[in-house]
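The values are calculated or read from the model by the stated rules, or taken from the named source; none is laboratory data. This is a predicted model, so every value here is computed, not measured. Glycine gets a Cβ as well: all are built from the backbone with ideal geometry, and neighbour counts include every protein chain shown.
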Amino acid sequence: MLRTFKKYYRIPATPQEVYLALTTATTISLWTGDKVEMIPEPNTEFSLWDGSITGKNLEFEPSKKIVQQWYFGEQAEDSIVTIKLHPDKGNATSVELIHTNIPDDAYEDITEGWTNTYFAYLKEFYEEE
């Protein structure tokens, strides 16, 4: 069975800064502390956390939206991650995450990963500045 995860995260940086932090390889490696492969162009493959997360970039709308296809072994084809960036009070960003078609057996790990690692690290990166 496939599941969907939707959640909002508040990042203490502007949508432009958050967008660059999610799409620029150098910046991604700064906040993840790991090897990254990312070119912010549609139909390019990406790799985060030294290959722990891999997939294909589908769509980019600077400072507003990122759409990616995430791979989960054989059944990965339609696991789609959509990240929308909304300006929030005090030069912050409300990040809207929608991750569809997550395999049931990976759901808990994925949702914990989004909250406790991915967005936690990104938030920490901006709080330290």
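I'd like the full set of residues that are in a loop (DSSP other than H, G, I, E, B) and in contact (Cβ under 8 Å) with a residue 40 or more places away in the chain, limited to segment 51-69. Give the steps one after another, and end with the answer.
Residues of segment 51-69 that are in a loop (DSSP other than H, G, I, E, B), as a first pass: 52, 62-64.
Scanning segment 51-69 gives 62, 63, 64.
Only one residue in 38, 1 is at pLDDT 95 or above, of a type outside the set (Lys, Arg) and touching a helix residue (DSSP H, G or I) at 6+ places or on another chain (Cβ under 6 Å). Which one? Give the steps one after another, and end with the answer.
Working: 1 fails: at pLDDT 95 or above.
Unique residue meeting the criteria: 38.
Determine if segment 79-95 includes at least one residue that is surrounded by fewer than 17 Cβ atoms within 10 Å (Cβ to Cβ) and over 21 Å from residue 8 (Cβ atoms).
No, segment 79-95 contains no residue that is surrounded by fewer than 17 Cβ atoms within 10 Å (Cβ to Cβ) and over 21 Å from residue 8 (Cβ atoms).
Would you confirm whether any residue within segment 38-46 is under 18 Å from residue 127 (Cβ atoms) and in a loop (DSSP other than H, G, I, E, B)?
Within segment 38-46, the subset under 18 Å from residue 127 (Cβ atoms) is none.
No, the conditions are met nowhere in segment 38-46.
From 100, 115, 82, 111, which residue is in contact (Cβ under 8 Å) with a residue 60 or more places away in the chain and either in contact with an Asp or Glu (Cβ under 7 Å, 6 or more places away or on another chain) or part of a strand (DSSP E or B) (or both)? Let's see the steps before the verdict.
Values: 115 fails: either in contact with an Asp or Glu (Cβ under 7 Å, 6 or more places away or on another chain) or part of a strand (DSSP E or B) (or both); 82 fails: in contact (Cβ under 8 Å) with a residue 60 or more places away in the chain; 111 fails: either in contact with an Asp or Glu (Cβ under 7 Å, 6 or more places away or on another chain) or part of a strand (DSSP E or B) (or both).
From the options 100, 115, 82, 111, the qualifying one is 100.
Among the residues of segment 92-105, are any at pLDDT 95 or above and either farther than 19 Å from residue 6 by Cβ or of a type in the set (Phe, Trp, Tyr) (or both)?
Taking segment 92-105 as the starting set, the residues that turn out to be at pLDDT 95 or above are 92-100.
Among the residues that remain, those that are also either farther than 19 Å from residue 6 by Cβ or of a type in the set (Phe, Trp, Tyr) (or both) are: 92.
Taking every residue of segment 92-105 in turn, at least one turns out to be at pLDDT 95 or above and either farther than 19 Å from residue 6 by Cβ or of a type in the set (Phe, Trp, Tyr) (or both).
From the list 47, 29, 63, which residue is of a type outside the set (Val, Ile, Thr) and closer than 15 Å to residue 117 by Cα? Please lay out each step first, then the result.
Working: 47 fails: closer than 15 Å to residue 117 by Cα; 63 fails: closer than 15 Å to residue 117 by Cα.
Matching residue, one of 47, 29, 63: 29.
Being under 24 Å from residue 87 (Cα atoms) and surrounded by 15 or more Cβ atoms within 10 Å (Cβ to Cβ) is the filter here; which residues of segment 39-60 pass it?
Residues satisfying the conditions are 40, 57, 58, 60.
Working only within segment 1-38, note down all residues that are surrounded by fewer than 18 Cβ atoms within 10 Å (Cβ to Cβ) and closer than 24 Å to residue 101 by Cβ.
Correct list: 1, 2, 3, 4, 5, 6, 7, 8, 37.
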